[in-house]
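Notes follow the structure.
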Amino acid sequence: MSTVRALVLNCTLKPSPAESSADLLGRELLAALADHDVDGEVVRVVDHHVRFGVSLDEGDGDEWPAIREKLIAAQILVIATPIWLGQPSSVCKMVLERLDAELAETDGQGRLLTFGKVAAVAVVGNEDGAHHVSAEVLQALNDVGFSAAATASTYWVGEAMGSVDYRDAGPKPDTTGSTTRTVAANAAHLAHLLADKPYPPS
(Lines give C-alpha, C1' and ligand atoms only; values in the text may rest on other atoms or scores of the structure.)
Protein backbone atom coordinates (compact mmCIF):
# COMPACT_ATOMS: atom_id res chain seq x y z
CA MET A 1 0.00 0.00 0.00
CA SER A 2 1.34 3.42 -0.96
CA THR A 3 2.29 5.95 1.69
CA VAL A 4 -0.31 8.71 1.92
CA ARG A 5 0.21 12.12 3.46
CA ALA A 6 -2.39 14.75 4.34
CA LEU A 7 -2.15 18.51 4.68
CA VAL A 8 -4.76 20.38 6.72
CA LEU A 9 -4.97 24.09 5.94
CA ASN A 10 -6.62 25.79 8.89
CA CYS A 11 -8.30 28.89 7.50
CA THR A 12 -9.25 30.49 10.80
CA LEU A 13 -8.95 34.27 11.05
CA LYS A 14 -7.17 33.91 14.41
CA PRO A 15 -3.37 33.79 14.52
CA SER A 16 -1.63 31.46 16.94
CA PRO A 17 -1.75 30.93 19.85
CA ALA A 18 -5.47 31.79 19.87
CA GLU A 19 -7.75 28.79 20.19
CA SER A 20 -9.50 27.82 16.98
CA SER A 21 -12.48 25.53 16.49
CA ALA A 22 -11.47 25.07 12.85
CA ASP A 23 -8.08 23.89 14.10
CA LEU A 24 -9.72 21.45 16.50
CA LEU A 25 -11.96 19.86 13.86
CA GLY A 26 -9.10 19.79 11.36
CA ARG A 27 -6.88 17.99 13.88
CA GLU A 28 -9.68 15.55 14.70
CA LEU A 29 -9.93 14.70 11.01
CA LEU A 30 -6.14 14.30 10.79
CA ALA A 31 -6.25 11.97 13.80
CA ALA A 32 -8.99 9.93 12.13
CA LEU A 33 -6.89 9.72 8.96
CA ALA A 34 -4.04 8.26 11.00
CA ASP A 35 -6.23 5.19 11.55
CA HIS A 36 -5.95 4.59 7.80
CA ASP A 37 -2.18 4.81 7.35
CA VAL A 38 -2.17 8.53 6.64
CA ASP A 39 0.16 10.99 8.34
CA GLY A 40 0.29 14.73 7.97
CA GLU A 41 0.28 18.15 9.53
CA VAL A 42 -1.84 21.23 10.15
CA VAL A 43 -0.81 24.63 8.80
CA ARG A 44 -2.57 27.71 10.18
CA VAL A 45 -2.49 29.88 7.07
CA VAL A 46 -2.93 33.20 8.87
CA ASP A 47 0.35 32.58 10.73
CA HIS A 48 2.16 32.93 7.40
CA HIS A 49 2.68 35.87 5.09
CA VAL A 50 0.48 34.65 2.24
CA ARG A 51 -0.15 37.37 -0.31
CA PHE A 52 -3.35 37.81 -2.30
CA GLY A 53 -3.12 36.71 -5.91
CA VAL A 54 -3.52 33.87 -8.38
CA SER A 55 0.07 32.97 -9.21
CA LEU A 56 2.41 30.38 -7.74
CA ASP A 57 4.56 33.09 -6.15
CA GLU A 58 3.42 36.67 -5.62
CA GLY A 59 6.92 37.75 -4.55
CA ASP A 60 7.77 40.26 -1.82
CA GLY A 61 8.16 37.63 0.90
CA ASP A 62 5.14 35.58 -0.16
CA GLU A 63 5.06 32.39 1.94
CA TRP A 64 2.52 30.54 -0.21
CA PRO A 65 5.27 28.70 -2.17
CA ALA A 66 6.45 26.96 1.02
CA ILE A 67 2.88 25.93 1.86
CA ARG A 68 2.38 24.79 -1.73
CA GLU A 69 5.42 22.51 -1.43
CA LYS A 70 3.66 20.72 1.41
CA LEU A 71 0.46 20.57 -0.63
CA ILE A 72 2.19 19.07 -3.67
CA ALA A 73 3.86 16.47 -1.43
CA ALA A 74 0.50 15.46 0.07
CA GLN A 75 -2.17 13.20 -1.39
CA ILE A 76 -5.02 14.57 0.75
CA LEU A 77 -5.86 18.24 1.24
CA VAL A 78 -8.23 19.22 4.04
CA ILE A 79 -9.57 22.75 4.13
CA ALA A 80 -10.76 23.61 7.64
CA THR A 81 -12.73 26.84 7.74
CA PRO A 82 -15.10 28.73 9.98
CA ILE A 83 -18.34 30.20 8.69
CA TRP A 84 -18.60 33.99 8.65
CA LEU A 85 -21.83 35.60 7.40
CA GLY A 86 -22.75 32.28 5.84
CA GLN A 87 -19.52 32.19 3.82
CA PRO A 88 -16.13 30.47 3.99
CA SER A 89 -13.58 32.65 5.77
CA SER A 90 -11.65 35.25 3.77
CA VAL A 91 -8.50 33.21 4.43
CA CYS A 92 -10.18 30.18 2.87
CA LYS A 93 -11.15 32.19 -0.19
CA MET A 94 -7.58 33.48 -0.51
CA VAL A 95 -6.29 29.89 -0.43
CA LEU A 96 -8.73 28.90 -3.18
CA GLU A 97 -7.60 31.88 -5.26
CA ARG A 98 -3.97 30.84 -4.88
CA LEU A 99 -4.89 27.32 -6.00
CA ASP A 100 -6.14 28.77 -9.29
CA ALA A 101 -2.50 28.80 -10.41
CA GLU A 102 -2.53 24.99 -10.41
CA LEU A 103 -4.57 25.04 -13.62
CA ALA A 104 -1.36 25.86 -15.50
CA GLU A 105 0.81 23.21 -13.81
CA THR A 106 0.94 19.78 -15.46
CA ASP A 107 3.10 16.67 -15.41
CA GLY A 108 4.89 15.14 -18.39
CA GLN A 109 1.67 13.47 -19.54
CA GLY A 110 -0.48 16.58 -19.45
CA ARG A 111 -2.22 15.91 -16.13
CA LEU A 112 -2.68 18.63 -13.53
CA LEU A 113 -0.37 18.11 -10.56
CA THR A 114 -3.50 18.07 -8.40
CA PHE A 115 -4.93 15.08 -10.24
CA GLY A 116 -4.76 12.13 -7.89
CA LYS A 117 -5.10 14.34 -4.82
CA VAL A 118 -8.19 14.02 -2.64
CA ALA A 119 -10.03 16.97 -1.11
CA ALA A 120 -12.00 17.10 2.14
CA VAL A 121 -13.56 19.95 4.09
CA ALA A 122 -14.10 20.62 7.80
CA VAL A 123 -16.49 23.46 8.68
CA VAL A 124 -17.38 25.05 12.00
CA GLY A 125 -19.65 27.94 12.93
CA ASN A 126 -22.48 29.28 15.04
CA GLU A 127 -24.89 29.83 12.20
CA ASP A 128 -26.44 28.00 9.29
CA GLY A 129 -24.30 27.58 6.21
CA ALA A 130 -22.19 24.45 6.57
CA HIS A 131 -23.64 22.85 3.44
CA HIS A 132 -23.21 26.07 1.47
CA VAL A 133 -19.60 26.47 2.60
CA SER A 134 -18.77 22.82 1.89
CA ALA A 135 -20.32 23.10 -1.57
CA GLU A 136 -18.36 26.25 -2.43
CA VAL A 137 -15.04 24.86 -1.26
CA LEU A 138 -15.42 21.38 -2.74
CA GLN A 139 -16.52 22.74 -6.11
CA ALA A 140 -13.55 25.11 -6.21
CA LEU A 141 -11.15 22.31 -5.31
CA ASN A 142 -12.67 20.05 -7.94
CA ASP A 143 -12.31 22.84 -10.51
CA VAL A 144 -8.55 22.88 -9.91
CA GLY A 145 -8.14 19.11 -10.13
CA PHE A 146 -8.88 17.58 -6.72
CA SER A 147 -11.15 14.56 -6.30
CA ALA A 148 -13.77 14.23 -3.56
CA ALA A 149 -14.63 10.88 -2.03
CA ALA A 150 -18.12 9.94 -0.89
CA THR A 151 -18.93 12.05 2.21
CA ALA A 152 -16.18 14.63 1.72
CA SER A 153 -17.13 17.10 4.43
CA THR A 154 -17.62 17.13 8.17
CA TYR A 155 -19.06 20.03 10.12
CA TRP A 156 -20.50 21.38 13.34
CA VAL A 157 -22.77 24.37 13.66
CA GLY A 158 -24.14 25.75 16.89
CA GLU A 159 -27.48 27.34 17.57
CA ALA A 160 -28.31 30.31 15.34
CA MET A 161 -27.25 33.56 17.00
CA GLY A 162 -25.59 31.45 19.70
CA SER A 163 -22.22 32.00 21.34
CA VAL A 164 -20.93 28.44 21.88
CA ASP A 165 -17.93 27.41 19.76
CA TYR A 166 -17.19 23.85 18.69
CA ARG A 167 -14.15 23.73 20.95
CA ASP A 168 -16.43 24.50 23.93
CA ALA A 169 -19.35 22.31 22.93
CA GLY A 170 -17.90 19.02 24.16
CA PRO A 171 -17.39 15.77 22.24
CA LYS A 172 -19.92 14.88 19.53
CA PRO A 173 -19.00 11.24 18.87
CA ASP A 174 -22.32 10.22 17.33
CA THR A 175 -22.74 13.22 15.02
CA THR A 176 -19.73 15.27 13.94
CA GLY A 177 -17.35 12.60 15.24
CA SER A 178 -19.03 9.84 13.26
CA THR A 179 -19.01 11.91 10.09
CA THR A 180 -15.36 12.85 10.61
CA ARG A 181 -14.43 9.17 10.83
CA THR A 182 -16.34 8.45 7.60
CA VAL A 183 -14.68 11.36 5.78
CA ALA A 184 -11.27 10.10 6.89
CA ALA A 185 -11.93 6.49 5.88
CA ASN A 186 -13.26 7.40 2.45
CA ALA A 187 -10.64 10.05 1.70
CA ALA A 188 -7.83 7.67 2.68
CA HIS A 189 -9.37 4.85 0.62
CA LEU A 190 -9.60 7.02 -2.50
CA ALA A 191 -6.12 8.49 -1.97
CA HIS A 192 -4.59 5.01 -1.70
CA LEU A 193 -6.42 3.92 -4.87
CA LEU A 194 -5.29 6.96 -6.86
CA ALA A 195 -1.71 6.62 -5.60
CA ASP A 196 -1.60 3.07 -6.98
CA LYS A 197 -3.59 3.76 -10.16
CA PRO A 198 -3.41 7.40 -11.33
CA TYR A 199 -5.85 9.03 -13.68
CA PRO A 200 -5.04 8.45 -17.40
CA PRO A 201 -2.93 10.97 -19.31
CA SER A 202 -4.75 13.96 -20.74
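Holding the Cα-Cα limit at 23 Å, pick out from K93/K197; K93/K117; K70/K172; K14/K93 the pairs that are longer than that.
K93/K197; K70/K172
Using +1 at the Cβ of each Lys and Arg and -1 at the Cβ of each Asp and Glu in the chain, identify which of N10, N186, S163 lies farthest towards the dipole's positive end.
Projecting each Cα onto the dipole axis, the largest value belongs to N186.
Rounded to the nearest 10 degrees, what's the angle between the helix 21-34 long axis and the longest principal axis of the chain, both from Cα atoms, 0 to 90?
50
Output the 0 to 90 degree angle, nearest 10, between the alpha-carbon long axis of helix 90-99 and the longest principal axis computed from the alpha carbons of the chain.
That works out to roughly 10 degrees.
At 7 Å along Cα-to-Cβ for each site, give me the label-to-label distance between H131 and A195 in nm.
So the label points at H131 and A195 sit 3.4 nm apart.
Can you tell me the length gained on complete extension of the stretch R51 to E63, counting 0.36 nm per residue apart and subtracting the Cα distance?
Separation in residues times 0.36 nm, less the Cα-Cα distance, equals 3.6 nm.
Of all the accessible heavy-atom surface of the chain, with the other protein chains kept in place and a 1.4 Å probe, what percent is carbon and sulfur?
54
What shape does the range 1-114 take by its C-alpha gyration tensor, where a ≥ b ≥ c are the square roots of the eigenvalues and a/c under 1.5 counts as rounded, a/b above b/c as prolate, and the rest as oblate?
Cα axes put the range 1-114 in the oblate bin.
Give me the extension gain from A31 to T151: residue separation times 0.36 nm, minus the current Cα-Cα distance, reported in nm with one decimal.
Here the segment from A31 to T151 would lengthen by 41.5 nm.
How large is the translational diffusion coefficient of the range 94-150 in µm² per second when you combine the Kirkwood radius over alpha carbon pairs with Stokes-Einstein at 25 °C and 0.890 mPa s?
The Stokes-Einstein estimate is 198 µm²/s.
Which value, in debye to the nearest 20, gives the size of the charge dipole of the range 42-129 about its Cα centre, when Lys and Arg are +1 and Asp and Glu are -1 at the Cβ?
280
Semi-axes, largest first, in whole Å: what does sqrt of 5 times each Cα gyration tensor eigenvalue give for the range 1-43?
In descending order, the three semi-axes are 23, 10, 6 Å.
Per the Kirkwood definition applied to all pairs of different Cα atoms, how many angstroms is the hydrodynamic radius of the range 13-74?
Kirkwood hydrodynamic radius for the range 13-74: 13.3 Å.
Kindly report, to the nearest 10 Å², the accessible surface of K93 as traced by a 1.4 Å probe over protein heavy atoms only.
Rounded to the nearest 10, that gives 80 Å².
In Å and whole numbers, how far do the C-alpha atoms of the chain stretch along each principal axis, longest first?
51, 41, 27
Nearest 10 degrees is fine. How inclined is helix 176-196 to the longest principal axis of the chain, computing both from alpha carbons?
That works out to roughly 0 degrees.
The values are calculated or read from the model by the stated rules, or taken from the named source; none is laboratory data. None of the values given here were measured: they were computed from a predicted structure. No Cβ is skipped: glycine too gets one built from the backbone with ideal geometry, and neighbour counts run over all protein chains shown. Surface accessibility is based on the protein's heavy atoms, side chains included, excluding ligands, DNA and RNA. Shrake-Rupley method; radii C 1.70, N 1.55, O 1.52, S 1.80 Å.
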